[in-house]
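> One structure coming up, written as structure tokens, with questions to follow.
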Amino acid sequence: AHSSVPPQPVPPLLQTLQRYLTALEPLLPPDELQHTRKIVQKFGCPGGQGEKLQRELIKRAKHSHNWVRIALNNHIKHKCHNRPGWCVCVCVCVSLFFFLFPTRMSSLSLSCSCSGKLALEYMRGQPLCMELFPQLFSSCRIPGPKHDHVVHYGRPRRGPAHITVVRNYQFFQLDVYNSDGTPLTESQIHAQLLRIRSQSWKTDKQPMGILTSEHRHTWGQAYTRLLRDKINKESVRLIEKSIFTLCLDSPVMRISDEKYSSRMAAQILHGGGTFSNSGNRWFDKTLQFVVGEDGSWGLLYEHATAEGPPISTLLDHVLEYCKKPDRVRAPLIPLPMPKKLYFYINSEIKWDLEMAKQNLDILINDLDIKCFNFQRFGKEFVKQLKLSPNSFIQVAIQLAYYRVHSEVCAACDIASLRMFRGGRTDYIRSPTNQMLSFIWAFDDDAVSREAKVQLLREAVDAYSILTEQSLMGQGIDRHLLGLKLQAIEEGLSLPRIFMDTAYGLATHWKLRTGQVPTNTDSVMCFGPLAPDGYAVCYNPQPDHVHFSVTAFNCCEETNAEKLALTLERSLQYKLCAD
């Protein structure tokens, strides 16, 4: 499919700069905007810094599969060690997870899913790049002294043949393929999981996985100490190389149905703390399937390799696979016992663990999660109004934020760039001028209902245009990031456009949002990008919409439950108004 997927374009410089100024208009007072306009004009003038950096970016694009992916990889490597622990801790913010509302798994033969063939995906009639799917398996994020990197052990032939199973903080190597390359049957995997269950009652319960929740720099140092021992190195390498991890969690105390989805979302994301299931995670692992004893389950994934939509495609594939009956009869030949992975814990590692436990519990107590299912209407109703459901929800999120905080803020929505080879994402920015006009009018009784409806349509349409631009590779944020990193790589002084307070404001994402649609009643959840911000993820279904809202408790201004309630009320009000 590579020949049918074009390379990522580099947008025209002046186009990006003009759209950047337009995006700043709802966020800046006129005098500050005028100051920034002069800086931007100087950056983009003939023979200026912008033109020189643009030329180098175009050269890079000609000699690489995807210049955006290179920029993003560099950005991820640098930012994960420069940012404080509340944001870089993989279990809370860099990692995302897929949470399925409680259902029993019809099959645990998940290992077979990675041998299946995913059909080529299309968006708006155009084929999408499928290169990243093999990288989801047998891959892991590795901490380093200066920056992280991601390793992929998967090979077309003779790749790893095992998954890691963790229960009661104990890790096991479970081979899911025979020596001839055929997968184990469902009954064989079930029998092996029962053997692991019977072997995991022992008292050897140091929660080694909690080390991976530490600040990346701290974990990098502990990682070096951990791997000095040969036994530890072998165990860590087997975890890193495994196709994925299966986390078998202990039961969680049942609470009210209203709060159950939020509680389970937290459990999948971070395990609930050091006295719960957090030791049953290896947060650097790209894919972790989490199964609780009550039958609820979800998927936790590490964000450096992929975004939400490809994960939802994979999840749909797994669920369809699990519906098929396993007609293969298990051979009578007994299988070897799954191998338990051991760790040698000296006084240094014991200290690292105690510190990691304390810091993780602080982080977990700081993350506020609110999940809810909006049931008044779904995407079909919005389509009947001839509006884009995603743009409609984005306007509602900004409106809810304004109603809580009496201001709008820089917000980013995720646009997939998989129409291009090796494409990852760009941001779709809000608010727009049209969105601001609608928000100001919404609670103004002097504005007629007809005028509000018209302003809503204009706000939704303006956001849809921005979405289209980003999907076509003409967004502004990855381009600006590429220019900035190009200057850094060349050892140049950072251009004033990136030192300007406006750029800091424009990239201080107080709202991190994302639509991750799936064929199932599920919702994804992730942490905010800013300490004083929120993250809002949603999955629009035909007649309802699943939402998750997160915020940090340490910030007195933010409140996930308040924003969630305000968002729900705003959507209900719109239904009446429309």
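> What is the spin-label model distance, in nm, from His152 to Met499 if the labels are put 7 Å beyond Cα along the C-beta direction?
Calculated label separation equals 3.9 nm.
> Now for a different question. Note the listed values (i) 26.0; (ii) 25.0; (iii) 24.2, then indicate which one is Kirkwood radius over Cα pairs in Å calculated from this particular structure.
Matching entry in (i) 26.0; (ii) 25.0; (iii) 24.2: (ii).
> Figure the gain on full extension for Ser250 and Asp445 (residue separation times 0.36 nm, minus the Cα-Cα span) and round it to one decimal in nm. Before the final figure, lay out each step's value.
On the way: separation 195, 0.36 × 195 = 70.20 nm, distance 5.32 nm.
Separation in residues times 0.36 nm, less the Cα-Cα distance, equals 64.9 nm.
> Now a separate question. Which value, in debye to the nearest 20, gives the size of the charge dipole of the range 239-294 about its Cα centre, when Lys and Arg are +1 and Asp and Glu are -1 at the Cβ? Please report the intermediate quantities before stating the final value.
Values: 6 positive and 7 negative charges, 24 e Å.
Around 120 debye, computed over the range 239-294.
> What list of ³J(HN,Hα) couplings, whole Hz, do you get for the range 522-527 from phi and the Karplus terms 6.51, -1.76, 1.60, once you set θ to phi - 60° and write x for glycine and proline?
Calculated HN-Hα couplings, in order: 9, 9, 8, 9, 8, x Hz.
> Something else about it: With angles folded into 0 to 90 degrees, how steeply does helix 347-366 sit against the dominant principal axis of the chain? Use alpha carbons for both and round to 10.
Here the helix axis deviates by roughly 40 degrees.
> Using only Cα atoms, tell me the angle between helix 216-226 and the longest principal axis of the chain; keep it within 0 to 90° and round to the nearest 10.
For 216-226 against the chain, the angle is about 20 degrees.
> With the cut-off at 30 Å, tell me which of the pairs Lys233/Lys357; Lys241/Lys370; Lys324/Lys370; Lys259/Lys357; Lys241/Lys350 have Cα atoms farther apart than that.
Details: Lys233/Lys357 22 Å; Lys241/Lys370 34 Å; Lys324/Lys370 34 Å; Lys259/Lys357 26 Å; Lys241/Lys350 25 Å.
Over 30 Å apart, Cα to Cα: Lys241/Lys370; Lys324/Lys370.
> Can you give the extra length, in nm with one decimal, that the chain gains between Arg124 and Lys38 once fully stretched, where that is 0.36 nm per residue apart less the Cα-Cα distance? Each step should come with its number before you reach the end.
Working: separation 86, 0.36 × 86 = 30.96 nm, distance 3.88 nm.
Length gained, Arg124 through Lys38: 27.1 nm.
> Percent of alpha carbon pairs in the range 132-179 separated by more than 13 Å?
Numbers: 764 of 1128 pairs.
In whole percent, the share of Cα-Cα pairs in the range 132-179 beyond 13 Å is 68.
> Could I ask something else about it? Quick one: accessible surface of Leu300, probe radius 1.4 Å, all protein chains present, in square angstrom to the nearest 10.
Estimated to the nearest 10 Å², Leu300 gives 0 Å².
> Which order do the peptides 374-383, 224-233 come out in when sorted by mean C-beta neighbours inside 10 angstrom, highest first? Write out the running numbers ahead of the final one.
Numbers: 374-383: 16.8, 224-233: 14.4.
So the order, starting with the most tightly packed, is 374-383, 224-233.
> Still on this model: Taking the Cα centre of each part, how many Å lie between the range 28-49 and the range 307-348?
Comparing the Cα centres of the range 28-49 and the range 307-348, I get a distance of 54 Å.
> Still on this structure: Evaluate the range 464-574: find the radius of gyration of its Cα atoms, find its Kirkwood radius, and give the ratio Rg to Rh.
Details: Rg = 17.6 Å, Rh = 16.7 Å.
Reported Rg/Rh, Kirkwood definition of Rh: 1.06.
> Nearest 5 percent is fine: what portion of the DSSP beta bridges confined to the chain is antiparallel?
On the way: 52 of 68 bridges.
Given both bridge residues lie in the chain, the antiparallel proportion sits at roughly 75 percent.
> Amide H of Cys371 versus every other amide H placed in the peptide plane: which residues, excluding those fewer than 5 positions away on the same chain, fall under 5 Å?
Sorted by chain and number, the residues that satisfy this are Ser262, Val549.
> Could you run the Karplus curve 6.51 cos²θ - 1.76 cosθ + 1.60 with θ = phi - 60° over the range 496-503 and give me ³J(HN,Hα) per residue in whole Hz, x for Gly and Pro?
So the J values, rounded to whole Hz, are 4, 4, 8, 9, 5, 4, 4, 5.
> Please report, largest first and rounded to whole Å, the three semi-axes of the ellipsoid equivalent to the range 150-234, where each semi-axis is the square root of five times an eigenvalue of the C-alpha gyration tensor.
Numbers: eigenvalues 148, 79, 21 Å².
They are 27, 20, 10 Å, listed largest first.
> In the range 485-553, carbon and sulfur make up what percent of the accessible area (probe 1.4 Å)? Walk me through the numbers before you get to the answer.
Details: 1230 of 2260 Å².
Roughly 54 percent of what the probe reaches on the range 485-553 is carbon or sulfur.
> Further question on the same structure: Taking every pair of distinct Cα atoms and averaging 1/r, then inverting, what Kirkwood hydrodynamic radius in Å comes out for the range 427-470?
Working: mean 1/r = 0.0932 Å⁻¹.
Taking every pair of different Cα atoms in the range 427-470, averaging 1/r and inverting gives 10.7 Å.
> Right, next: What number, in nm² with one decimal, is the all-direction average of the projected area of the convex hull of the alpha-carbon atoms of the range 272-403? If you can, show how the numbers build up before the last one.
On the way: hull surface 59.4 nm².
Orientation-averaged projected area of the Cα hull: 14.9 nm².
> Would you pull out the residues with amide H under 5 Å of Gly422's amide H, same chain only if 5 or more places away, H placed 1.01 Å from N?
Distant-sequence amide H within range of Gly422: Glu131.
> Could you work out how far helix 49-62 tilts from the main Cα principal axis of the chain, as a 0 to 90 degree angle to the nearest 10?
With both axes taken from Cα atoms, the answer is about 40 degrees.
> Residue by residue, what Karplus-based ³J(HN,Hα) values in Hz, rounded to whole numbers, does the range 368-376 have, using 6.51, -1.76 and 1.60 with θ = phi - 60° and x for Gly and Pro?
9, 10, 10, 10, 8, 10, 7, 10, 6
> Which aspartates and glutamates, if any, have their Cα less than 18 Å from the Cα of Lys379, not counting same-chain residues under 8 positions apart?
Straight-line reach from Lys379, under 18 Å: Asp413, Asp461, Asp521, Asp543, Glu568, Asp578.
> Averaged per residue, what accessible area in Å² does the chain show with a 1.4 Å probe, protein chains only? Intermediate results must be reported in sequence, preceding the final value.
On the way: 25060 Å² over 578 residues.
Result: 43 Å² of accessible area for each residue.
> Could I ask something else about it? Projected area of the range 353-402, taken from the Cα convex hull and averaged over every viewing direction, in nm²? Please report the intermediate quantities before stating the final value.
On the way: hull surface 22.3 nm².
Spelled out: convex hull of the Cα atoms, projected over all directions, averaged, 5.6 nm².
> Continuing with this model, one more query. When Rg is the radius of gyration of the Cα atoms in the range 133-281 and Rh is its Kirkwood radius, what does Rg/Rh come to?
On the way: Rg = 16.7 Å, Rh = 17.0 Å.
Dividing the radius of gyration by the Kirkwood radius yields 0.98.
> For Lys62, which lysines qualify as cross-link partners when the Cα separation must be under 28 Å and same-chain residues fewer than eight apart are set aside?
Result set, ordered by chain and number: Lys42, Lys52, Lys77, Lys79, Lys484.
> In addition: Name the long-range amide H neighbours of Ile142: under 5 Å, sequence gap of 5 or more, or other chain; modelled H, no Pro or chain starts.
His149, Val150, Val151
> Taking 8 Å as the Cα distance limit and 6 or more residues as the minimum spacing, I'd like the relative contact order of the chain as a percentage.
Details: 1063 pairs, mean separation 124.4, N = 578.
Computed over the chain, the figure is 22 percent.
The values are calculated or read from the model by the stated rules, or taken from the named source; none is laboratory data. Just so it is clear, the structure is predicted and the values come from calculations on it, not from any experiment. Heads up, the Cβs are rebuilt from the backbone with ideal geometry, glycines too, and the neighbour counts pull from every protein chain shown. We work out accessible area using only protein heavy atoms, side chains counted, and drop any ligands, DNA or RNA first. Shrake-Rupley method; radii C 1.70, N 1.55, O 1.52, S 1.80 Å.
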